1. For F411, are the conditions met, namely being at pLDDT 85 or above, in contact with a Ser or Thr (Cβ under 7 Å, 6 or more places away or on another chain) and in a strand (DSSP E or B)?
2. What is the number of the single condition among (1) under 23 Å from G198 (Cβ atoms); (2) assigned to a helix (DSSP H, G or I) that I258 does not meet?
3. Restricting to segment 284-313, what's the tally of residues that are surrounded by fewer than 16 Cβ atoms within 10 Å (Cβ to Cβ), part of a helix (DSSP H, G or I) and of a type outside the set (D, E)?
4. For segment 239-246, check the following and say yes or no: at least one residue is surrounded by 15 or more Cβ atoms within 10 Å (Cβ to Cβ), on the phi > 0 side of the Ramachandran plot and either without any contact (Cβ under 8 Å) to a residue 40 or more places away in the chain or assigned to a helix (DSSP H, G or I) (or both).
5. Before we move on, is S285 under 20 Å from N341 (Cα atoms) and among the polar types (S, T, N, Q)?
6. Within segment 19-43, how many residues turn out to be surrounded by 14 or more Cβ atoms within 10 Å (Cβ to Cβ) and either within 20 Å of A137 (Cα to Cα) or at pLDDT below 90 (or both)?
7. Identify, please: which residue in segment 168-197 is at positive phi and of a type in the set (G, A, S) and is, among those, surrounded by the fewest Cβ atoms within 10 Å (Cβ to Cβ)?
8. For D435, all conditions in the list (1) among the acidic types (D, E); (2) modelled with pLDDT under 90; (3) more than 28 Å from P184 (Cβ to Cβ) hold save one; what is the number of the exception?
Amino acid sequence: MDKVEFLILRNLIHNEEYVRKVIPFIKADYFEEYNQKVVFEEIIKFVEEYNQPATKEVLCIETEKRQDINDSSFKEVTQLIGSLEEETTEFNWLVNTTEKWCRDRAIYLALMESISLADGKDETKDRDAIPTILSDALAVSFDTHIGHDYLLDYEERYELYHKKENKIEFDLEFFNKITKGGLPNKTLNIALAGTGVGKSLFMCHVASSTLLQGKNVLYITLEMAEEKIAERIDANLLNVPIQDIIDLPKPMFDSKVINLAKKTQGTLIIKEYPTAAAHSGHFKSLLQELALKKSFRPDIIFIDYLNICASSRYRNNSSVNSYSYIKAIAEELRGLAVEANVPIVSATQTTRSGFASSDVDLTDTSESFGLPATADLMFALISTEDTEKLNQIMVKQLKNRYNDPTIFKRFMVGIDRAKMRLYDCEQSAQEDIVDSGQEEEYTPEEKTFKDKFNQFKF
């Protein structure tokens, strides 16, 4: 008998916690040997009727009542039941092993069924059912969570409200304000800007500041070479204009990098892919490889930038429209953020009309309006001749799931393009902004009404 099957059956008798965890996911067909299948059928029948594990005595009695087994098979079944002695096994390992066994068996049976359908041997199902059969098998998982019970799970909910969420903080005041303290895990965050406005600069700056927080940073570039991204980060972190880096004497360069390494426990990995040649599947493989070879797990991922990624769902040369294609990329990246349990920061281009505009809206999103629908945070970076003279760039919130997007809807951030840096402006820079959404914009009458309305809240 296979050891895994024996292990499963033994614990289905002696381990009640294990029974309640795995019994909904195991099927009798997963067992290859007839005697194993019979024992499992009797176990699950007893559990369903009496809501507790069966004993070996019960199994022997119930098996004897069956009319579908002969004397030889009954002897084999009772011998199997008798050998199922209690033995302690590490619970998490046991559950994980059982889950893998279930998935492997489901896939094997699905393949056999698919071959039968393809050969026309099964008259009850059409060949069109094959993709569904295979996808159901691949989806086998011990996810027992069936939802949040609003009235019963209130204590869990209250604890969640008061639990400090793990976030990647900005070193920029207003970005922390609009995100309530930084970027949460499992999110997709998008900067919208025209060519040369500052998409990559923004990501390089945030990557640099995150590294200084002691976090692990993964920067994926599909536009510029790894060395060019590293050069921009050098300018930021070493406080040297990018055009002057080449003139730094090597001892000084070495000293600056060594001192920087002493200031952080984090690691920054920069990985280049050819334009439009990599998708979320490639990024998942990269994460696995980094974990295996470098024991590196990122706290945040930057992807420079979204529009020039590929999709794992569609081929580059497929006839699918740009809306569906870009939306698919965004959904895949957000899925990656959830799977890796990190925030992902990326960027997208404005349309031609948005490029030259002094104001940008969601309608200026290049190629796909489905992108804002998928993102958790989306903001525009707007540069004009006037703001450039002041070494400033305007940020406009377009979508925000973390906070009210009408609060600080627009704000100014200082920009040092030579050193690839952003910085907080003086407060005076924010005072003349129209449509900022700050509290001061309420008239006395509006404020009185607002205060009266708040009395109805509890």
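1. Values: at pLDDT 85 or above: yes; in contact with a Ser or Thr (Cβ under 7 Å, 6 or more places away or on another chain): yes; in a strand (DSSP E or B): yes.
It is true that F411 is at pLDDT 85 or above, in contact with a Ser or Thr (Cβ under 7 Å, 6 or more places away or on another chain) and in a strand (DSSP E or B).
2. It fails just one condition, (1).
3. 6
4. Within segment 239-246, none of the residues are surrounded by 15 or more Cβ atoms within 10 Å (Cβ to Cβ), on the phi > 0 side of the Ramachandran plot and either without any contact (Cβ under 8 Å) to a residue 40 or more places away in the chain or assigned to a helix (DSSP H, G or I) (or both).
5. On the way: under 20 Å from N341 (Cα atoms): yes; among the polar types (S, T, N, Q): yes.
Criteria met by S285.
6. Just the residues of segment 19-43 that are surrounded by 14 or more Cβ atoms within 10 Å (Cβ to Cβ), to begin with: 19-23, 25-27, 30-31, 35-43.
Now narrow it down to the ones that are either within 20 Å of A137 (Cα to Cα) or at pLDDT below 90 (or both): 19-23, 25-27, 30-31, 37.
So the answer is 11.
7. Here is the first cut: in segment 168-197, the residues at positive phi are 180-182, 186, 196.
Filter once more, so that each one left must be of a type in the set (G, A, S): 181-182, 196.
Working: G181: 16, G182: 18, G196: 11.
Residue satisfying both the conditions and the ranking: G196.
8. (3)
The values are calculated or read from the model by the stated rules, or taken from the named source; none is laboratory data. Just so you know, these numbers come straight off a predicted model, no measurement behind them. Glycine gets a Cβ as well: all are built from the backbone with ideal geometry, and neighbour counts include every protein chain shown.
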